[in-house]
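The values are calculated or read from the model by the stated rules, or taken from the named source; none is laboratory data. Keep in mind that this is a model prediction, so the values were computed, not measured. Counting neighbours? That spans all protein chains shown, and the Cβs are built from the backbone with ideal geometry, glycine included.
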Amino acid sequence: MPVRRRSDAAAEEITMDLKLSDKRALVSGSTKGIGLAIATALAREGARVVINGRTEASVSAALSEILGSVPNATIEGFAGDLATPQAAELLGTKFPSVDILVNNLGIFEPKPFEQIPDEDWRRFFEVNVLSGVRLSRMYLSGMKDRGWGRIVFISSESAINTPGGMIHYGMTKTAQLAVSRGLAETCAGTAVTVNAVLPGPTHSPGVDEFVNQLSGANHSRNSRRSFSRRCGRRRCSSGSSIPRKSRVWWPMCAARWRPRRTGPHCGWTGALFRRASDRAQRKSERGRSLL
């Protein structure tokens, strides 16, 4: 893999030639956090990136931030809540074709199971699952017709390690794996790949705000550890790690030169990178050998 590291240790910039020049990429929910880091990485690789957020103000701020770090970026914005079919329809009208789709839009909150009403289950499924289903359905046929495409679902470790304090969130992340795997099967024999990435708890502005609410604005390492424990993890990746990891791991799902692997679910937590589906397959094969 052609990787170039800058000698400037402070920047810790990682640049890969993923051959994405002039490919149009849409990243849902990309005005902050992991989504913004992904959009910035795509812009740095020469893709024509569409930024999405719910408000014009958030989209404008994200565009300015990306242009600040990637002055020659080709980026556009779309303000709208892609958890709704109306916004998805407007998006399809403005951008009828997309080469790379990153389904990053999602919400989370810890809540005891007994206190999760039906409305919350429906809301989480609408935002975290149906938003990606609608966008994938809208753009998949065009990718197949053009003979190339990449769809990436940003799932979570909670998909395979459901936290007891966020069962409704974990349910939606597991559903994303089912959708991505099923879509990958429909793309067999084409140059369209579908994959899922499973991040662990990541220190981002959104998580920062949420942890502050939980701890009464007592922003400390202990409050982040408490949040990680409630999510079922021992630690929360540092904020500076978001760009590095997103630029190293998930873009491999979008690269033009990448082998045509479709279906595996890939996750990061600290330095860990694994293909969860491959591990499950090996476990299944070991089980069959014992019969």
Which of the residues spanning segment 165-201 are among the polar types (S, T, N, Q) and farther than 20 Å from Met143 by Cβ? Thr172, Thr174
Identify all residues within segment 122-143 that are exposed (fewer than 15 other Cβ atoms within 10 Å of the Cβ) and either touching a helix residue (DSSP H, G or I) at 6+ places or on another chain (Cβ under 8 Å) or under 16 Å from Asn195 (Cα atoms) (or both); write none if there are none. Arg137
In segment 93-117, which residues are surrounded by 16 or more Cβ atoms within 10 Å (Cβ to Cβ) and among the small types (Gly, Ala, Ser)? Gly106
Return the pairs, sorted by first residue and then second, in which the second residue is in a loop (DSSP other than H, G, I, E, B) and of a type in the set (Ser, Thr, Tyr), the first residue lies in segment 22-33 and is over 13 Å from Thr55 (Cβ atoms), the beta carbons are less than 9 Å apart, and the residues are 6+ apart or on different chains. Arg24/Ser97; Gly33/Ser204
Asp17 surrounded by fewer than 20 Cβ atoms within 10 Å (Cβ to Cβ), within 27 Å of Leu140 (Cβ to Cβ) and at pLDDT below 95: yes
